[in-house]
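Worksheet: the structure to be examined is printed underneath.
The values are calculated or read from the model by the stated rules, or taken from the named source; none is laboratory data. Not measured: the values here are computed from a predicted model. With ideal geometry, Cβ positions are generated from the backbone for all residues, glycine too; neighbour counts draw on all protein chains shown. Areas reflect the complete protein model, heavy atoms only, side chains present, ligands, DNA and RNA absent. Shrake-Rupley method; radii C 1.70, N 1.55, O 1.52, S 1.80 Å.
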Amino acid sequence: GVTRLLLTRIPFFKEIIVSSFSCDNCSWSNTEIQSAGRIQEQGVRYTLAVTSRQDMNREVVKTDCASARIPELDFEIPAFSQKGVLTTIEGIIDRAVAGLEQDQPARRAMDKEVARKIDEFIGKLRQLKEVSSPFTFILDDPSGNSFVENPQAPQKDEALVVTHYRRSPQQCALLGLEVDARPPDAAEDLRDEVLQFNTNCPECNAPASTNMKLVQIPHFKEVIIMATNCDSCGHRTNEVKSGGAIEPQGTRITLRITDPSDMTRDILKSETCSVEIPELEFELGMGALGGKFTTLEGLLKDIRDLVEKNPFTLGDSSMPSRTGKLQEFIGKLQDVKGKSQAHFIMDDPAGNSYLQNVYAPEEDPELSVQRYERTFQQNDELGLNDMKTEGYEPEVASGR
């Protein structure tokens, strides 16, 4: 015989390979389809409410790993019981009828009762083709490569429900896919996903969206980066929060700026971190500028913007003497970016700030990290003095 292959594309679906075989000697013919793509990320389930003869003419792509069900008759075509086929819903019913009738002569000779029940069931299947009463057709394919036509595409079809689902380990094994024996780790999924939630813009109060991402900083810890963009007024802001707990000790990081390349070092400044530059007699208190994940140059630029954009310091109502001093400070701050040497100090009682060590994992000769015990006042500012994490259950029970 002769086998013919055709690569074709189904509108609003994908490419498939149609194979057709015919024999001139016995006139036997057969058609099959194979997906021209890969196994999809998720399985698919089509649920169609058949209510008219037009629904029987809908095109159906049924792969060999797909199962078809008609719940009203408790009828199912199991997966891998038929080859893949490109047909219609009526064609699937005709093919099922032909398969049941194939061995009926032998059944009538051996067990008339079973043959009679199968004849009754075949009659019910044939009645479905007349659509005298509505029925439900369900096509379930774990590979995601089956298809039921939507005649109203690209509009939505109210009679057709398409559901995508995650394959079970048994279905993955059935498709020959490797199954990961480890249970899915929700925290691991969060590291690879950008979460988005709705909020209001802090400037114009218009609806906006905030993106949140869990990021692992090398040689440090995990942090949460949050960014808000407003399409109405163009306001953009970003914030960094620690992804871990408060450290047992505070951290004081001192960097001696000696080269312009130091401006490119990554910096994580938490909300509890204060910044100091002794050469400029400058100190930025805890909570100012919020949490930042940027470079040293970016943080110095934020400090400059904080001074320049303050109307009480450089505005029309400011004192000339104060304006002169601040202009002088801005000039010295600009010189720090590459002309003059200075010390950059980050003091974080919570221990959640970070300054990049460009020599990591070796020690950086220009960078020193000092751990220290927090004072009572620092613990009070962090809310640790009033925090009780052990031995509180009996007291709560007795109070009740």
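Excluding residues on the same chain fewer than 8 positions from Lys129, give the aspartates and glutamates whose Cα lies under 12 Å from its Cα.
Straight-line reach from Lys129, under 12 Å: Asp55, Glu90, Asp94.
Treating the angle as unsigned and between 0 and 90°, give the value, to the nearest 10°, between the Cα long axis of helix 296-308 and the longest Cα principal axis of the chain.
Around 70 degrees separate the two axes.
On a straight-distance basis, which lysines could pair with Lys112 in a cross-link, Cα separation under 16 angstrom, same-chain partners fewer than 8 positions away excluded?
Cross-link targets: none qualify.
Any idea how far apart Glu72 and Arg9 come out in nm if each label point goes 7 Å out from Cα toward Cβ?
Placing both labels 7 Å along Cα→Cβ, they lie 3.7 nm apart.
Roll a 1.4 Å probe over the protein chains and send me the accessible area per residue for region 188-242 in Å².
On the way: 3620 Å² over 55 residues.
Result: 66 Å² per residue.
Is it possible to state the helix-based mean residue ellipticity at 222 nm for the chain, with each DSSP H run of 4+ residues giving -39500 (n - 2.57), the sum divided by total residues, to the nearest 500 deg cm²/dmol? What is it? Before the final figure, lay out the partial values.
On the way: 11 runs with 100 residues, N = 400.
Using -39500 (n - 2.57) per qualifying helix, the result is -7000 deg cm²/dmol.
Between Gln334, Thr251, Ile77, whose Cα lies farthest towards the positive end of the dipole of the chain when Lys and Arg beta carbons carry +1 and Asp and Glu beta carbons carry -1, centred on the Cα centre?
My answer, from the dipole projection, is Ile77.
Which Cys residues of the chain have no other Cys Cβ less than 4.7 Å away and so no disulfide-compatible partner by this rule?
So, Cys23, Cys26, Cys65, Cys172, Cys273.
Can you give the relative contact order of region 221-286 as a percent, counting alpha carbon pairs under 8 Å and 6+ residues apart?
Details: 52 pairs, mean separation 14.6, N = 66.
RCO, region 221-286: 22 percent.
Can you give the FRET efficiency to the nearest 0.05 for Glu158 and Ser132, using r as the Cβ-Cβ distance and R₀ = 25 Å? If you can, show how the numbers build up before the last one.
Details: r = 22 Å, r/R0 = 0.86.
Computed FRET efficiency for Glu158 and Ser132 comes out at 0.70.
How far, in degrees from 0 to 90, does helix 112-128 lean away from the longest principal axis of the Cα atoms of the chain, to the nearest 10?
60
Carbon and sulfur together cover what percent of the accessible area of the chain at a 1.4 Å probe radius? Could the numbers behind the result be given before it?
Working: 12120 of 24530 Å².
Ligands and nucleic acids excluded, carbon and sulfur give 49 percent.
Pairs Lys241/Lys309; Lys156/Lys213; Lys269/Lys332: which are spaced more than 28 Å apart, C-alpha to C-alpha?
Values: Lys241/Lys309 25 Å; Lys156/Lys213 34 Å; Lys269/Lys332 22 Å.
From Lys241/Lys309; Lys156/Lys213; Lys269/Lys332, over 28 Å: Lys156/Lys213.
Measuring with a 1.4 Å probe in the full set of protein chains, what accessible area per residue, in whole Å², belongs to region 4-85?
Numbers: 4880 Å² over 82 residues.
Here the per-residue accessible area is 59 Å².
What aspartates and glutamates could a cross-link reach from Lys292, if we take a straight Cα to Cα line under 12 Å and drop same-chain neighbours fewer than 8 places away?
Correct list for Lys292: Glu239, Asp266, Glu271, Asp302.
Once the whole set of protein chains is in place, how much accessible area is left on Val358, using a 1.4 Å probe, in Å² to the nearest 10?
Counting only protein heavy atoms, the figure is 80 Å².
Let's see if you can work this out: charge +1 on each Lys and Arg Cβ, -1 on each Asp and Glu Cβ, no other charges. What is the dipole magnitude of region 188-242 about its Cα centre, in debye to the nearest 20? Each step should come with its number before you reach the end.
Working: 5 positive and 8 negative charges, 39 e Å.
Approximately 180 debye in magnitude.
Could you point to the label whose value was computed as mean projected area of the Cα convex hull in nm² for the structure here, given (1) 37.8; (2) 27.4; (3) 21.3?
After the calculation, the listed value that fits is (1).
Grab the beta carbon distance between Thr237 and Phe80, set R0 = 56 Å, and tell me the FRET efficiency rounded to 0.05.
0.55
Rounded to the nearest 10 degrees, what's the angle between the helix 89-101 long axis and the longest principal axis of the chain, both from Cα atoms, 0 to 90?
For 89-101 against the chain, the angle is about 50 degrees.
Could you state how much accessible area Ser81 has, in square angstrom rounded to the nearest 10, with a 1.4 Å probe and all protein chains kept in place?
Only protein atoms counted, so the area is about 70 Å².
Taking Cα pairs under 8 Å and at least six residues apart, what relative contact order does the chain come out at, in percent? Let's see the in-between values first.
Numbers: 661 pairs, mean separation 51.3, N = 400.
Normalised by residue count, the contact order of the chain is 13 percent.
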